[in-house]
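Undergrad: Before anything else, here's the structure in question.
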Amino acid sequence: MNPTTAAAAAADPSKPVFLSKAERQKLALQRREEAANDHKRRAVDHLQSLPRPTNPSSDRRDSDRRDPDRERDRERDRDRDRRSREHSRNEKQAEREREKELDAIKEQYLGSKKPKKRVIKPSEKFRFSFDWENTEDTSRDMNSLYQNPHEARLLFGRGFLAGIDRREQKKQAARYEKETRGEIRKKEGRLEELPEEAAAQKQKEAAAEVYDAFDMRVDRHWSEKKLEEMTERDWRIFREDFNISFKGSKLPRPMRNWAESRLGGELLKAVEKAGYKAPSPIQMAAIPLGLQQRDVIGIAETGSGKTAAFVLPMLTYITRLPPMTEENEAEGPYAVVMAPTRELAQQIEDETVKFAHYLGIKVVSIVGGQSIEEQGF
Ligand SMILES: Nc1ncnc2c1ncn2[C@@H]1O[C@H](COP(=O)(O)OP(=O)(O)OP(=O)(O)O)[C@@H](O)[C@H]1O
């Protein structure tokens, strides 16, 4: 406002006063500043009027400060709780350790009982399974032919079904025959059964009560059978009788007696002369394998005839080799048997000599600690 206008306004306030642009801008700025200040003041007033948030810890601290005894008591309680918790935790830990130790002892003495992993056979794994059971099928076959399936009657009651008690089948057949005869009689208008029919029926019923020769048939023992008559079952019983078990593939049958062994005639004579009436189980099992020149690990108790079990096939093999002459004698012995002790070496020599003697085969045992020249000749 210039001095002239200001003076004029002061002189007469009711009169409109001309304000220049600069004066108007200045006035507007002043008004805005006042409004902003006013707004700020109101906001501050509002904040101060709000309730102040209380600080609990500071409150507690204040009250604690006021009551230190109570705080000490509380601290003591907390300490006691902590100690009792620790104690029970330690006890539980000790209990667990004791149980573990007990389990370890049990496992050592009773053996572990780890559950075996069940191996699912491929046939079980890939078996096709229907979504429903056969019995759940409630649909009825509309064809009456299939509603009452006919029970098979083999050869009009004369045959037998496998797996079903033969006596039961005979009784059923006799009953069926009686019923059929009755129906025929009715059709023919006869009331009474003919005496021969009644007798035949009685005979049939009586026969159904007893086991016939076929039912009672008992298979012969393997020892009464020829080699070619032996069945798988007979061989199984034979192996069980002599406690013979094998591990390996393409195994030959064990020999049941010396006659069935494929030892040469000379050797069989030697066996007879040695007084070996029947082969021992290890000989039954190992000699056929030895004669096939297979590698064998034979396990049998001491004194069970293991020596003859490998010596006899060895001698059989040697008899097939060309005889020893001046030309080939330097090539070495026909066979070498190694033994872990001198006693065993001598024992094997004695046993081998029993048979080799008849075949003209020379046997020597060579042991450590003695002159080789002395032993070789
Ligand atoms: N089939 C047989 N019949 C009768 N006696 C036999 C028969 N086979 C072996 N013997 C005799 O049985 C005795 C023991 O045989 P052998 O020494 O071969 O047994 P072993 O199983 O080798 O014993 P070890 O384990 O002590 O070596 C020998 O005197 C032997 O002559």
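The values are calculated or read from the model by the stated rules, or taken from the named source; none is laboratory data. Fair warning: this is a prediction, and the values are worked out from it, not measured in the lab. Reconstructed Cβ throughout: ideal geometry from the backbone, glycine too, with neighbour counts over all protein chains shown.
To keep it simple, each residue is scored yes or no on (1) more than 14 Å from the ligand (Cβ to nearest atom); (2) farther than 20 Å from GLY360 by Cα; (3) at pLDDT below 90; (4) surrounded by fewer than 16 Cβ atoms within 10 Å (Cβ to Cβ).
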| position | (1), (2), (3), (4) |
| --- | --- |
| ARG256 | no, yes, no, no |
| LYS273 | no, no, yes, yes |
| ILE282 | no, yes, no, no |
| ALA285 | no, yes, no, no |
| PRO288 | yes, yes, no, no |
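Undergrad: So is LYS277 in a helix (DSSP H, G or I) and basic (Lys, Arg) or not? Working first, answer last.
TA: Numbers: in a helix (DSSP H, G or I): no; basic (Lys, Arg): yes.
Spelling it out, it is not the case that LYS277 is in a helix (DSSP H, G or I) and basic (Lys, Arg).
Undergrad: Also: Which members of segment 329-363 meet the condition of being among the acidic types (Asp, Glu) and surrounded by fewer than 14 Cβ atoms within 10 Å (Cβ to Cβ)?
TA: Filtering segment 329-363 down to residues among the acidic types (Asp, Glu) leaves 329, 331, 343, 349-351.
GLU329, GLU331, GLU343, ASP350, listed by residue number.
Undergrad: Right, next: Out of everything in segment 290-328 that is assigned to a helix (DSSP H, G or I), within 12 Å of the ligand (Cβ to nearest atom) and not basic (Lys, Arg), what residue ends up being surrounded by the most Cβ atoms within 10 Å (Cβ to Cβ)?
TA: Quick first cut of segment 290-328, residues assigned to a helix (DSSP H, G or I) only: 290-291, 306-319.
Cutting the leftovers down to within 12 Å of the ligand (Cβ to nearest atom) gives us 306-312.
Narrowing the set further to residues that are not basic (Lys, Arg) leaves 307-312.
Numbers: THR307: 21, ALA308: 23, ALA309: 24, PHE310: 21, VAL311: 24, LEU312: 29.
My answer is LEU312.
Undergrad: Sort out which residues of segment 342-377 are in a helix (DSSP H, G or I), at pLDDT below 85 and more than 22 Å from THR319 (Cα to Cα), and write them in order of number.
TA: Of everything in segment 342-377, those that are in a helix (DSSP H, G or I), at pLDDT below 85 and more than 22 Å from THR319 (Cα to Cα) turn out to be ILE372, GLU373, GLU374, GLN375.
Undergrad: Quick check on this structure: which one of GLN201, GLN292, GLN283 is polar (S, T, N, Q) and touching a Pro at 6+ places or on another chain (Cβ under 7 Å)?
TA: Numbers: GLN201 fails: touching a Pro at 6+ places or on another chain (Cβ under 7 Å); GLN283 fails: touching a Pro at 6+ places or on another chain (Cβ under 7 Å).
Going through GLN201, GLN292, GLN283 in turn, just one is polar (S, T, N, Q) and touching a Pro at 6+ places or on another chain (Cβ under 7 Å): GLN292.
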